[in-house]
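One structure, as structure tokens, below. Some questions next.
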Protein chains: 4
Amino acid sequence: MTEQIIRRTQFTFWKSIEVRWGDMDSMGHVNNTVYFTYLESARVELLHKLGARGKQRNDGQGPALVSTSCDFKQQVAYPATIDVGVRVEAIGQRSFRMSYGLFLRGTDEVVATASSVNAWIDYAAGRAVEIPDELRAALAEYQPSE
Amino acid sequence: MTEQIIRRTQFTFWKSIEVRWGDMDSMGHVNNTVYFTYLESARVELLHKLGARGKQRNDGQGPALVSTSCDFKQQVAYPATIDVGVRVEAIGQRSFRMSYGLFLRGTDEVVATASSVNAWIDYAAGRAVEIPDELRAALAEYQPSE
Amino acid sequence: MTEQIIRRTQFTFWKSIEVRWGDMDSMGHVNNTVYFTYLESARVELLHKLGARGKQRNDGQGPALVSTSCDFKQQVAYPATIDVGVRVEAIGQRSFRMSYGLFLRGTDEVVATASSVNAWIDYAAGRAVEIPDELRAALAEYQPSE
Amino acid sequence: MTEQIIRRTQFTFWKSIEVRWGDMDSMGHVNNTVYFTYLESARVELLHKLGARGKQRNDGQGPALVSTSCDFKQQVAYPATIDVGVRVEAIGQRSFRMSYGLFLRGTDEVVATASSVNAWIDYAAGRAVEIPDELRAALAEYQPSE
């Protein structure tokens, strides 16, 4: 597997997150499970900006996480701030995929890379439905131009 | 302040909680904030048993935590199981107080003692209301007899 | 008990903490246990500033949390930022007490008040020892002047 | 992508985890990040059994998580218990891969599937080293026989 080069310019939305002391585990580094809360914080903020959170809508629809993964590149200890870069990677009929790059604040040092897939759900029906056109357009604005 | 002797017989409800590896912080012990999740787990289970959780009721009422405190007596490391003892300490007009004793599983070694006050809330009105008689009676059964 | 008025001017050290979406529980508010991580974040940062964290020292001494309590005044939901005010309340021979006021960012709205007691520990001996003079002086600078 | 059928018989190590009320997020389901603590709890217990935790060893070696992923199949709400099945999927020169199946207690209902890669690290050198023979043999016992 060729190691891809991760650059800040590949991401279209940014969220900076201050590491809390309690984010560390008994190994003295930020615990692996906490990276997923960093992804969640960035994703929720972007979805909020796109008007895509369930509680923002009156059509009973919203996103549901289907899968997520993270590659850990470098250990992080408190104190630190992580810049989480996000881009919309792909938009399907009823789901969309995001990619993430986590960097040490203000540097090009990659801490982790990650991805997530969200289905677009009709909550009452409990199943995935087509992503509305206006959301599809909003998501597309966060796809990288390159 | 005289140090009170804490005995298992002072508690009327029990919940055993297995310490998760991730409950430890970078000092290698269960983090102080996690003790409050142990209290919460025991309290929610007791409230559920009493029919006092908001989602169990159709009167729009339920408990809301007003205050809580914990005295840490002994550090705990994974692997361990904590027996959380609970008793109803006092029942007021619109609130009730619980006390907790946390022991190493099956021993008399006290890990922590704690207390909590819950108000009884009408969620729509957003204010404390009188504890219903049937709940008052149910709570009273978990007061120590001594 | 007379309800004390809490003002920002009563605190001598500040730490702003951005609420994470995941800090909320299934009631849709910041979970009670998470307030204690906010206290911890502020306390660790102050202790670090005072040179009082164990890993900063070469005398094998450091702080250990003995007890903590929190009064919840107002529910908080994401998105929000909490300003945590801290003051050193009292300095004993082998322990010190801190008080906290949690405010909605930039407002006088009190979200919670809290307190903590830390013992000063010789880690190898596993017992409380006298607070060194230089730390005692540093702590005293965060006692309120009033 | 053909959906693979997940059966309990595909896993060689089991860890049951009681869902804590606080594991739920504001959507009223176990939060996605908490599944990774369930994986961690099962993984740490298996590694402990194999004598592979850093603190069990005197060669300065131990595991470090390189990547992890999770597919969420079904939402879970408190109260529930999750049976986490684990198997060693592959053993490389300096890393090993595990697969996980999360089931509702005592049923064949799959809640999630997951995987992880751990490198085998010399902590002082800060780099991956060859997995010792005795650990390789121990890991192999948790590969599925089929």
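Every number in this text was worked out from the coordinates using simple rules, so none of it is lab data. It should be emphasised that the depicted structure is a prediction, and the values quoted were computed from it without experimental measurement. Because the Cβ atoms are built from the backbone with ideal geometry, glycine has one as well, and the counts that use them run over all protein chains shown.
Just check chain C against the gyration tensor rule for me: Cα atoms, a ≥ b ≥ c as the square roots of the eigenvalues, rounded for a/c under 1.5, and otherwise prolate or oblate depending on whether a/b exceeds b/c. Could the numbers behind the result be given before it?
Numbers: a/c = 2.16, a/b = 1.65, b/c = 1.31.
Here chain C falls in the prolate category.
Past 21 Å, Cα to Cα, is the threshold; run D:K49/D:K73; B:K15/D:K15; A:K73/D:K55 against it and keep the listed order.
Numbers: D:K49/D:K73 29 Å; B:K15/D:K15 19 Å; A:K73/D:K55 23 Å.
As for pairs spanning more than 21 Å Cα to Cα, those are D:K49/D:K73; A:K73/D:K55.
Most mobile of C:T12, C:T33, C:T68 per a Gaussian network model of chain C (Cα springs, under 10 Å)?
Between C:T12, C:T33, C:T68, it is C:T33 that shows the largest mean-square fluctuation.
In nm to one decimal, list the spacings between the B:R105 label point and its equivalents in the other copies, with label points set 7 Å along Cα to Cβ, shortest first.
The projected label point of B:R105 is separated from its counterparts by 1.4, 4.1, 4.3 nm.
Given Cβ point charges of +1 (Lys, Arg) and -1 (Asp, Glu) and nothing else, what value in debye, to the nearest 20, does the dipole of the stretch C:8-140 about its Cα centre take? Write down the numbers at each step before the final one.
Numbers: 15 positive and 15 negative charges, 41 e Å.
Dipole size: approximately 200 debye.
Sticking with this one: For chain D, take the longest principal axis of its alpha carbons; what is the angle in degrees between that and the long axis of helix D:32-49, to the nearest 10 within 0 to 90?
Computed tilt is about 40 degrees.
Of all the residues in chain B, which one has the C-beta that comes nearest the axis relating B to D, and what is the distance in Å?
B:E18, 4
Ok, one more. Cut-off 10 angstrom, C-alpha nodes, Gaussian network model of chain A. Which of A:F103, A:F11, A:F72 fluctuates the most?
It is A:F72.
Only helical DSSP H runs with n ≥ 4 go in: add -39500 (n - 2.57) per run for chain D, normalise by residue count and round the 222 nm mean residue ellipticity to 500 deg cm²/dmol. Numbers along the way, then the final one.
Values: 2 runs with 26 residues, N = 146.
Rounded to the nearest 500, it is -5500 deg cm²/dmol.
Something else about it: What does the charge count around C:R105 come to, taking other residues whose C-beta lies under 15 Å from its C-beta (Lys +1, Arg +1, Asp -1, Glu -1)? Before the final figure, lay out each step's value.
Working: positive: C:R8, C:K15, C:R20; negative: A:E18, C:E18, C:D23, C:D83, C:D108, C:E109.
Net charge around C:R105: -3.
Nothing charged except the Cβ atoms of Lys and Arg (+1) and of Asp and Glu (-1): what's the magnitude of the dipole of the protein assembly as shown about its Cα centre? Round to the nearest 20 debye. The partial results should precede the final answer.
On the way: 64 positive and 72 negative charges, 0 e Å.
Roughly 0 debye, rounded to the nearest 20.
For the stretch D:74-144 and the stretch A:25-66, write down the distance between their C-alpha centroids in whole Å.
Answer, in whole Å: 25.
Moving to a separate point now. Using Cα-Cα distances under 8 Å and only pairs 6 or more residues apart, what relative contact order does the stretch C:8-140 have, in percent? Intermediate results must be reported in sequence, preceding the final value.
Details: 254 pairs, mean separation 36.9, N = 133.
Once normalised by length, the contact order is 28 percent.
Got the A:P132 label distances to the other copies yet, label 7 Å along Cα→Cβ, in nm, shortest first?
Shortest to longest, the spacings are 3.8, 6.0, 6.1 nm.
Using a label point 7 angstrom from Cα along Cα-to-C-beta, what distances in nm, from shortest up, separate D:P144 from the other copies?
The projected label point of D:P144 is separated from its counterparts by 3.6, 5.2, 6.4 nm.
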